[in-house]
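Heads up: the structure comes next, in structure tokens.
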Amino acid sequence: MAGVIKPEWLDELKNRCDIVDVISRYVPLKKNGREYVGCCPFHHEKTPSFMVYSETQSYHCFGCKESGDVIQFVRKYDNLSFVDAVENLANSVNMPMPQKEDCNLAEIEKRKKTKESILACLRESAKFYVACFRGKSGQALVAREYTDKRKLENATLVRFGVGCSPDYLSLPTHLAKAGFAPEIIEASGMCTRGKNGELIDFFAKRLMFPIIDKDGAVIGFSGRLLESKELAKYKNTPATSVFNKSEVIFGINLLKKLREEKRENNDYSGIDKIIIVEGQIDVMMMHQYGFTNTVACLGTAFTPYHVRKLKQFSENIILLLDGDSAGQKATMRSIDVLRKGGVNVTVAKLPDGLDPDEFLRKFGKEEMDNLLDNAVEGIKFKIYSLAESFNLNEPSECAHFIEESLKVIKELDSESEQDSYLPIIHKFSSTPIEILRSDLKKLKIEKKQSRDEVEESEPVKEVKKDGYTLADLFILASILNHKSYTANIDIEGLEFVDVGLQKCYSYILEAYSKNIVPTVGGLYSVVDVENSSPLLGEVVKYEFVPDPFPELSFASCVLRNRERALKRQKDEAQRKCAKANDTLERDIAMKTVIELTKKLEELKAKFEEYQTEYSVKRLSLSKQKLKKHKGNING
């Protein structure tokens with residue numbers, strides 16, 4: 001990023017865009033001492049844990065751990081690229097963007113224009129499909145006959161932008177006339193090459209459902225076959241630069257609209273609950289009956305990415321997946337993913353293998369309300385389902401039920417939570433709870449992670465922190481938060497083993513060289529904090545503990561850093577000495593070892609001096625407090 005837009009220009013932009021003013025446009029903030037607090041816009045919460053720091057021009061949520069500067073906030077809230085977020089802020093304060101002479105910036109601008117062209121192509125395709133659906137072609141008649149059969153009202157079709165593809169050639173012909181280049185049409189996923197090399201509609205002769213992101217942009221399509229039985233019933237846009245099936249939520253734009261309507265009435269509590277169904281028509285029918293908090297994933301594979309997006313709107317999810325065996329298996333998988341994502345999940349079981357669309361048309365809204373009101377908590381549902389799959393009157397099958405149920409609750413994090421489900425297993429098996437508890441403690445299972453969960457967990461692997469690492473974190477966090485006790489301590493020549501921490505240190509030195517005060521906000525301008533290292537994330541979210549003599553702590557931490565560097569140099573010199581091929585080379589290496597050993601001894605003496613001074617000051621402070629306490633008693 002640093003090579004794209006100069007840090008000095010970004011600093012000027014952020015000086016003009018006070019973070020409190022900017023975030024206040026999105027989130028109501030209340031002053032709390034020196035900070036401002038509000039409900040986090042990135043996840044659903046009722047108790048405010050989102051802090052905005054005017055002093056450091058940064059924000060941090062103690063709930064979902066999101067943090068950054070004003071650019072990072074706009075970038076994440078509005079789902080923009082870094083350059084787009086910068087341009088957005090610059091326009092708001094009438095600050096001209098820098099000249100686009102940098103080759104990196106030119107490349108970013110090129111990618112941005114390509115993305116805009118692809119989105120425009122998708123938007124035009126959606127309009128074309130809707131026009132075809134309203135037309136008089138044979139395919140339009142077939143499509144409308146199908147939607148009539150499914151009892152979908154015109155208002156619902158309009159709300160979701162339903163259309164149809166008439167044939168193989170009409171769409172590419174239309175897009176070409178609209179001015180879209182062949183490479184853009186292909187890159188959008190709308191068309192592919194036929195046998196003769198001509199562009200043909202990827203979704204030919206299907207009922208078309210546009211996939212719209214939360215900001216209202218068409219990013220892809222899902223098409224349902226209407227006639228031939230030889231091809232796949234549903235077909236989705238292939239992976240493109242704007243479409244990733246594993247992250248898509250059908251109906252999320254309407255979910256955002258629902259939340260915004262509440263916020264317009266000063267209700268920032270979020271959506272009470274979200275209903276998840278399987279198919280697009282299920283979502284549409286649920287909306288048609290008034291359940292406008294309903295969404296679906298494309299297919300039944302629920303991922304951590306879906307959870308992260310949904311948590312912005314609510315932490316309460318009801319699974320209403322199909323009642324057939326495939327739907328029930330999907331329900332079981334989804335319960336685990338949702339719970340691991342920190343969501344409260346309940347399950348409403350549809351009867352007789354019905355899907356939500358069929359259930360509503362057969363029983364109506366009132367029965368659906370009853371079904372949702374009686375949704376069962378996720379883990380409880382899994383145990384209930386296990387009970388239904390075994391003949392509990394047979395001792396061997398009952399034993400198998402107990403084993404499988406205990407495996408389910410063994411996955412839970414706390415023993416108290418595990419223990420709360422034992423009465424349910426007891427209810428079905430009549431096995432004494434003490435015996436179940438004993439078997440649970442003996443049970444050992446290997447926890448498996450799905451590919452999505454592994455990918456999600458990799459960036460946040462826990463790093464073991466020794467004394468040196470803890471010292472590094474304190475040094476960098478103190479400087480970025482411009483603590484007064486850092487002013488008189490020399491930090492030149494420090495070394496940081498962690499790549500992210502070293503980038504942070506380099507930013508600090510560069511800022512000082514230009515007489516710029518380094519801050520958390522400034523760091524985000526030049527370093528990709530989120531993808532650098534977990535330790536750098538800890539620096540920007542650092543929580544300082546009360547310390548009566550922080551200047552001594554800081555000086556001691558700087559010595560710790562220097563000590564590690566000297567030890568590394570000494571080890572290197574000793575290795576050279578051991579591998580030396582001649583006397584001169586060995587003597588030079590040995591001389592270096594002796595010099596470094598002397599420096600380490602001097603540093604150790606200085607460190608002990610700091611420790612002694614710290615102890616003496618603490619003792620003196622304790623005596624003063626005791627004397628004051630006695631004075632208060634005597635008084």
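Only the coordinates and a few stated rules stand behind these numbers; no lab work does. Being a predicted model, the structure only gives us computed values, none of them experimental. Heads up, the Cβs are rebuilt from the backbone with ideal geometry, glycines too, and the neighbour counts pull from every protein chain shown.
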Longest principal axis of the chain (C-alpha) makes with the long axis of helix 378-389 (C-alpha) an angle, in degrees to the nearest 10, of 50 degrees
Straight-line reach check, Lys483, cutoff 17 Å on alpha carbons, 8 or more apart in-chain or any other chain, hits among lysines -> Lys541
Of the listed pairs Lys340/Lys465; Lys273/Lys340; Lys127/Lys309, those with alpha carbons more than 21 Å apart are Lys340/Lys465; Lys127/Lys309
Taking r as the C-beta separation of Asp439 and Glu260 and R0 as 56 Å, the FRET efficiency to the nearest 0.05 is 0.65
For the chain, the longest principal axis of the Cα atoms and the Cα long axis of helix 395-410 enclose an angle in degrees, to the nearest 10, of 50 degrees
Within the chain, the percent of DSSP beta bridges that are antiparallel, given to the nearest 5, stands at 75 percent
By the mean-Cβ-within-10 Å protection proxy, highest first, 9-20, 491-502 rank as 9-20, 491-502
Contour minus Cα-Cα span, Glu55 to Ser385, at 0.36 nm per residue, comes to 113.4 nm
With +1 at each Lys and Arg Cβ and -1 at each Asp and Glu Cβ, the charge dipole magnitude of the chain around its Cα centre, to the nearest 20 debye, comes out at 520 debye
Sequence order, the stretch 543-553: Karplus ³J(HN,Hα) from phi using 6.51 cos²θ - 1.76 cosθ + 1.60, θ = phi - 60°, Hz rounded, Gly and Pro as x, gives 10, 6, 9, x, 9, x, 9, x, 5, 6, 4
Plugging the Cβ-Cβ distance of Lys273 and Glu609 into 1/(1 + (r/R0)^6) at R0 = 56 Å yields, to the nearest 0.05, a FRET efficiency of 0.35
Summing -39500 (n - 2.57) over every DSSP H run of at least 4 in the chain, dividing by its residue total and rounding to the nearest 500, the 222 nm mean residue ellipticity is -17000 deg cm²/dmol
Projected onto their principal axes, the Cα atoms of the chain stretch, largest extent first, over whole-Å spans of 90, 74, 72
Partner aspartates and glutamates whose C-alpha sits under 12 Å from that of Lys606, ignoring same-chain residues fewer than 8 away, are Glu563
Bounding extents of the stretch 7-92 in its principal axis frame from Cα atoms, largest first in Å, are 36, 26, 19
For the stretch 268-374, using Cα atoms only, the Rg and Dmax in Å read 12.8, 39
With Cα coordinates, the longest principal axis of the chain makes an angle with the long axis of helix 583-634, in degrees rounded to 10, of 90 degrees
Taking the stretch 487-570, the whole-percent share of alpha-carbon pairs separated by over 21 angstrom is 37 percent
Shape call for the stretch 467-619, from the Cα gyration tensor axes a ≥ b ≥ c (a/c under 1.5 means rounded, otherwise prolate when a/b beats b/c, else oblate), comes out oblate
Expressed in angstrom and ordered largest first, the alpha-carbon extents of the stretch 108-243 along the principal axes are 48, 38, 26
Where a ≥ b ≥ c are root eigenvalues of the Cα gyration tensor, a/c under 1.5 meaning rounded, otherwise prolate if a/b exceeds b/c and oblate otherwise, the stretch 467-507 counts as prolate
In the stretch 510-568, the chymotrypsin sites (Phe, Trp or Tyr not before Pro) that sit in a DSSP loop and have at most 11 other Cβ atoms within 10 Å of their own Cβ are Phe544
Diffing the stretch 86-97: the Karplus 3J(HN,Hα) column from phi (6.51, -1.76, 1.60, θ = phi - 60°), in whole Hz with x for Gly and Pro, holds 4, 5, 4, 5, 4, 5, 5, 10, 6, 10, x, 5
Cross-link reach from Lys195 to lysines, straight Cα distance under 25 Å and at least 8 residues apart if same chain, gives Lys177, Lys205, Lys229, Lys233, Lys235
